[in-house]
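Student: Below you will find the structure I want to go over with you.
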Amino acid sequence: LGRELEASADVSSGAIGEVLRGARSYDTLDHPQEQAIVRATWLERIEQLHRDLDMRKVLAGRPYAELDESGNVVIRNG
């Protein structure tokens with residue numbers, strides 16, 4: 001991401017930061033490189049949230065359904 005910012009004089013790190021902070025709409029970005037950087041950053045954040053998510057803790061003590069390795073619905077007791 002940093003290389004992309006450095007490589008293009010047209011890319012605005014300020015605009016990217018505004019989108020990532022929620023202060024500006026993604027659709028207002030002027031350059032495809034800015035949009036690509038925002039999407040890559042969002043993907044990194046989503047993947048980190050997914051890695052950190054422990055549904056067993058969240059649903060402790062409550063029944064829940066999930067798919068097993070074969071794609072079958074299994075009810076867990078939490």
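The values are calculated or read from the model by the stated rules, or taken from the named source; none is laboratory data. Values in this document were obtained by computation on a predicted structure and should not be read as measured data. Positions of Cβ are generated from backbone atoms using ideal geometry, with glycine treated the same way; all protein chains shown enter the neighbour counts. Please note that ligands, DNA and RNA were not included when accessible areas were found on the heavy atoms of the full protein model with its side chains. Shrake-Rupley method; radii C 1.70, N 1.55, O 1.52, S 1.80 Å.
Student: Of all residues in the range 24-36, which are outside any helix (DSSP H, G or I) and either charged (D, E, K, R) or more than 19 Å from Ile46 (Cα to Cα) (or both)? Break it down into steps so the answer makes sense when it comes.
Tutor: To start, the set of residues in the range 24-36 that are outside any helix (DSSP H, G or I) comprises 24-25, 29-31.
Across the range 24-36, the qualifying residues are Arg24, Leu29, Asp30, His31.
Student: If His50 meets every condition in (1) open to solvent by less than 100 Å² (accessible area, probe 1.4 Å); (2) assigned to a helix (DSSP H, G or I) apart from one, which number is that one?
Tutor: (1)
Student: Give the number of residues within the range 57-66 that are surrounded by 10 or more Cβ atoms within 10 Å (Cβ to Cβ) and among the charged types (D, E, K, R).
Tutor: Number of matching residues: 1.
Student: With the structure loaded, tell me whether Ala15 is surrounded by 11 or more Cβ atoms within 10 Å (Cβ to Cβ) and modelled with pLDDT of 90 or more or whether it fails that test. Step through it out loud before you land on a result.
Tutor: On the way: surrounded by 11 or more Cβ atoms within 10 Å (Cβ to Cβ): yes; modelled with pLDDT of 90 or more: yes.
Against the criterion (surrounded by 11 or more Cβ atoms within 10 Å (Cβ to Cβ) and modelled with pLDDT of 90 or more), Ala15 qualifies.
Student: Taking the range 23-61 only, how many residues are in contact with a Phe, Trp or Tyr (Cβ under 8 Å, 6 or more places away or on another chain) and without any contact (Cβ under 8 Å) to a residue 12 or more places away in the chain?
Tutor: Here is the first cut: in the range 23-61, the ones in contact with a Phe, Trp or Tyr (Cβ under 8 Å, 6 or more places away or on another chain) are 35, 38, 55.
Of the ones still in play, those that are also without any contact (Cβ under 8 Å) to a residue 12 or more places away in the chain are 35, 55.
Total meeting the criteria: 2.
Student: Can you tell me which of Glu6, Glu66 is modelled with pLDDT under 95 and part of a helix (DSSP H, G or I)?
Tutor: Details: Glu66 fails: part of a helix (DSSP H, G or I).
On inspection, the qualifying residue turns out to be Glu6.
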